[in-house]
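Heads up, the thing below is written out as structure tokens.
Quick note: the coordinates plus some simple rules give every number you see, no bench work behind them. Since this is a predicted model, take the numbers as computed values, not measurements. Please note: Cβ atoms are built from the backbone with ideal geometry, for glycine as well, and neighbour counts cover all protein chains shown.
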Amino acid sequence: MYDPGGWDEDASRPYFFLSYAHTPKSGARGAGDPNHWVRQLYRDLCEAVLQLTTLPAGAPVGFMDESMHQGELWADRLAHELSACRVFVPLYSPRYFNSLACGQEWHSFTRRPVYPANRDSERTSGVVPVLWVAMGQYKLPEVAGKLQFNHAGFGPDYAAEGLYALMKLTYFRSAYELAVHRLAKRIVEVAEETVIPVGRKLDFQAQPSAFNIAAPTKQLRISVLSCHRAELPPGRSADYYGARRTDWHPYRPAAERPLAEHAARLAKQLGFQPSVHEFDEEVDELLGGARPTAPGLLLLDRWALHDERRRELVRRFDASDAGWVGVLEPWNRDDPDCVEHDGVLSDLSDQALRLTHRVARPSFQGLSAGPTGLASLEDFDDALPRAAMKAKYAFEDRTRTGPDEPAAPRPNLRDAFRGVRGPEGPGREGPGPVPPYTDDHPASAEGDSPHDGATPGGGNA
């Protein structure tokens, strides 16, 4: 026989569990405890709930984890409270949905079934969300997005600013008091209009997070398709190259550093964590069949397209339509070699990047691949942010798949690139067709099947 939460049938159960993300101290001298405001909200909520109910003296009104301790005793206490509380109150903030512990709390509570208290009730959730800060510009995870909750019912200032702002600013004092009153009223209503039985006390630390949301895209892989000094084609000056392919320096003397290093500095200004790679050395990772791990930029030196094997790789890359890799073709109008050989190199580029040029991706700024394209360092600096952000958006679209939604088919380039890594590999004159390769990604669903006549703790609030 298991112990269903360890609660005596005559004991009062807490009305609500306040779930929030602990905020670290800022580190500034004299900085106070940033979680002070959450504790104040908890005290105000407890007082308001007491005013709206007949709870006897000493009965638990709510629960809030103030310890921030880890270990078995901490996890056991959370599991104990989550198995018995009547309403789950999450404080929405960007930090909240990045917290593993908060996701585990949400998951643990919503494993319990929810029954309407009477036949006519439409209440199917024990979750009452609260805007700690305004979340209009943030994408909510699926479990939160499915909740049908009208935050405007707590007052327009609350809906626009969130409770934290209302607490901090004296100007909003009356709006804060109104929001707390209506929140307490909603908690009591949900507790009385639902039946959420005491659940089995789970192993809290073994629970998954309920938040199936992708972390913000930070990485950016910068790949360089160029030459080093020992492999330059005839007619090309070595002044723009170094011992490594990533030493390519097309805009000298205007640029102070090699192009890849300059691109990485620009990417950091956009909030990325860039890494620089030689295109030739990461064909499997950049163009393999696995799901992409980061957006990317390809810095393409058209002089490298004289090499038939590498031209073939670019053709196949182009045919794969990997939109999460933006392509930039730097060109220097002050480079005599580029001007003299413009026609030949432009033709090589058009042959290798037929699809890319035809659809005129924003990474090319709608310009030709000739000297009127990224013909100066200023042009490159203007083009890179747009190309990087477009790659980021395409990467997020490519990898954003809900738990009940199968992933879209994508090209599998591992087979397409087999045998073309070295000079001995087969080559083709002309782009030719590339057969479609796809991987299957069956949909998966998280959570238990709901009990007959009940739904798990999510849903309408």
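Charged neighbours of D247, selected by a Cβ distance under 15 Å, balance to -2 (K, R count +1; D, E count -1).
Shape of segment 257-342 from its Cα gyration tensor (a ≥ b ≥ c, root eigenvalues): rounded if a/c is under 1.5, otherwise prolate when a/b > b/c, or oblate? Verdict is oblate for segment 257-342. For the pair H228 and S12, label points projected 7 Å from Cα toward Cβ lie 7.6 nm apart.
Taking other C-beta atoms within 10 angstrom as a stand-in for reagent exposure, W106, W74, W324 fall in the order W74, W324, W106, fewest first. Between S121 and K218, full extension at 0.36 nm per residue minus the direct alpha carbon distance yields a gain of 30.4 nm.
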